[in-house]
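Accompanying notes for the structure given below.
A short reminder: the numbers here are calculations on the coordinates, not readings from a lab. None of the values given here were measured: they were computed from a predicted structure. Backbone-built Cβ (ideal geometry, glycine too); neighbour counts: all protein chains shown.
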Amino acid sequence: MTTSYDPNVFDQAIYNKLVGSTALTALTTGGTAAPSIYQHMAPGTAAGTYVIYNRQASTPMHTMPTVAIENELFQVKAVVLSDSARAAGTVAAKIEQALTNDVLTITGYTPILCRRESGIDYPELGPGGQRFFHRGAIYRVQAQPS
């Protein structure tokens, strides 16, 4: 049984599932050859359409004396430079298809679930009045140490 929590294996599982979805990566600026999927933030040169993911919370469920289930919340969202939120919504739908109820491969863990908890939807003004639309969700990932 895994006794030491490693957040990197959860990060990698989310990343692998996202880049493994050609339906999703085909919509990003980098396409399927170089998917525009980033942890925490996109590089300053990123433009167009990309996906950002990051951990929002990690709350283990304990049993004596170990952790029974790791309970993670990840924000996963599309960021699209556009005059409309519609394009970001299309990418968010592909994120949903890639993650919801699908089995993640998490080293050292047996996955239990990956489900959308709540939505994300907001605009942001960029340089020169450019509009970026952020759409996606908070996803709950649960896994049992193996």
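Here are some notes:
- Counting charges near Asp121 (Lys, Arg +1; Asp, Glu -1) among other residues having Cβ under 10 Å from its Cβ returns a value of +2.
- Residues Ser4, Ser58, Ser84, Ser21, sorted so that the one with the fewest Cβ neighbours within 10 Å comes first: Ser4, Ser84, Ser58, Ser21
- Peptide ranges 128-134, 104-110 listed from the most packed, as the mean C-beta count within 10 angstrom indicates: 104-110, 128-134
- Here's the picture: a label point sits 7 Å out from the Cα of Ser146 along the beta-carbon direction, and within the stretch 2-46 the residues with their amide nitrogen under 12 Å of it are 2.
- Cα-Cα P(r), the chain, percent of pairs per 5 Å interval: 2, 10, 20, 22, 17, 12, 8, 5, 3, 1, 0, 0
- Relative contact order (percent, whole number), the stretch 1-118, Cα cutoff 8 Å, 6+ residue spacing: 23 percent
- Using alpha-carbon coordinates, inclination of helix 7-19 to the longest axis of the chain, degrees: 50 degrees
- Packing, as the average of other Cβ atoms within 10 Å across residues, places the peptides 37-43, 69-75 in the order 69-75, 37-43, highest first.
- C-alpha long axis of helix 86-99 to longest principal axis of the chain, angle in °: 20 degrees
- For Ser118 and Ser4, the FRET efficiency from 1/(1 + (r/R0)^6), where r spans their Cβ atoms and R0 equals 25 Å, is about 0.25.
- Applying 1/(1 + (r/R0)^6) with R0 = 25 Å to the Cβ-Cβ distance of Thr59 and Gln97 gives a FRET efficiency near 0.40.
- Here the stretch 22-71 is treated as an ellipsoid with the same Cα gyration tensor; its semi-axes, largest first and in whole Å, are 35, 13, 7.
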